[in-house]
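Trainee: This is the structure I have questions about; it appears just below.
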Amino acid sequence: MSLAIGSHAPDFTLKNQHGEEVALSSFKGKKNVVVLFIPFSFTGICTGELCAMRDDLAAFQNEDVELLAVSCDSMFTQKVFAEQEGYKFSVLSDFWPHGEVAKAYGIFDEARGCAIRGTFIVDKEGALRWQVVNAIGDARNIADYKAALAAL
């Protein structure tokens, strides 16, 4: 199941790697948001994708855009992962209730207990403007995110 473009993106509040609560709705009226779900921290494709975002961070986290990475790993795992890789953006924990946000976005893999690889761009009004959902083993192309953000 995927969400309809133009529909209101499901709101959520999750803890980041520092234990701070981050609400999607807190960016309403202020910033577009890239919500990027990864299956597992510390895995090859997930690390590669987030490092690509880290290395081009100004395109995804600036006065107009906020980047929120999400996995079902614990906040403590996210803290070590973010520190080890030098992530300067929020890495959120959808650990408990397990996968609740991934389920709201229609991308929770019940058999594996993780989110599949989904990215959602939410505009300043809270509406879903772009999405891509890939299989767990299929990396995404960050150039697609840039194009979608440029179109807002």
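Where a number appears in this text, it was derived from the coordinates with a stated rule and is not lab data. On a predicted model such as this, the values are computed, not experimentally measured, just so you know. Ideal geometry is used to build each Cβ from the backbone, glycine not excepted, and the neighbour counts take in all protein chains shown.
Trainee: Which order results if Val122, Val101 are arranged by neighbouring Cβ count within 10 Å, fewest first? Walk me through the numbers on the way to the answer.
Mentor: Numbers: Val122 26, Val101 23.
By the 10 Å Cβ count, ascending: Val101, Val122.
Trainee: Considering only Cα-Cα distances, which of the following residue pairs are longer than 20 Å: Lys15/Lys146; Lys15/Lys103; Lys103/Lys124; Lys79/Lys103; Lys30/Lys103?
Mentor: On the way: Lys15/Lys146 26 Å; Lys15/Lys103 17 Å; Lys103/Lys124 23 Å; Lys79/Lys103 23 Å; Lys30/Lys103 26 Å.
Violating the 20 Å Cα-Cα cut-off are Lys15/Lys146; Lys103/Lys124; Lys79/Lys103; Lys30/Lys103.
Trainee: Rounded to the nearest 20 Debye, what is the dipole magnitude of the chain about its Cα centre when Lys and Arg each give +1 and Asp and Glu each give -1 at the C-beta?
Mentor: Details: 14 positive and 20 negative charges, 29 e Å.
Using only the charged Cβ atoms, the result is roughly 140 debye.
Trainee: At what distance in angstrom do the alpha carbon centres of the range 15-55 and the range 74-132 lie from each other?
Mentor: About 6 Å separates the Cα centre of the range 15-55 from the one of the range 74-132.
Trainee: Also: From the list [x] 14.7; [y] 9.0; [z] 7.8, can you say which value of mean projected area of the Cα convex hull in nm² was derived from the structure given?
Mentor: [z]
Trainee: Residues with amide H under 5 Å of Ala127's amide H, sequence separation 5 or more or different chain, H placed in the peptide plane at 1.01 Å from N; which?
Mentor: Ala9
Trainee: Can I ask one more? Considering only Val34, Val132, Val65, give the residue with the highest GNM mean-square fluctuation for the chain, with springs between Cα atoms whenever their separation is below 10 Å.
Mentor: Fluctuation is largest for Val132.
Trainee: Based only on other Cβ atoms within 10 Å, what is the fewest-to-most ordering of Val22, Val80, Val70? The partial results should precede the final answer.
Mentor: On the way: Val22 18, Val80 14, Val70 27.
Listed from fewest to most nearby Cβ atoms, that is Val80, Val22, Val70.
Trainee: What GluC sites (Glu not before Pro) does the range 35-104 have in DSSP loop regions with at most 14 other beta carbons within 10 Å?
Mentor: Details: sites: Glu49, Glu63, Glu66, Glu83, Glu85, Glu100; in loops: Glu63.
Sparse-neighbourhood loop GluC sites (Glu not before Pro): Glu63.
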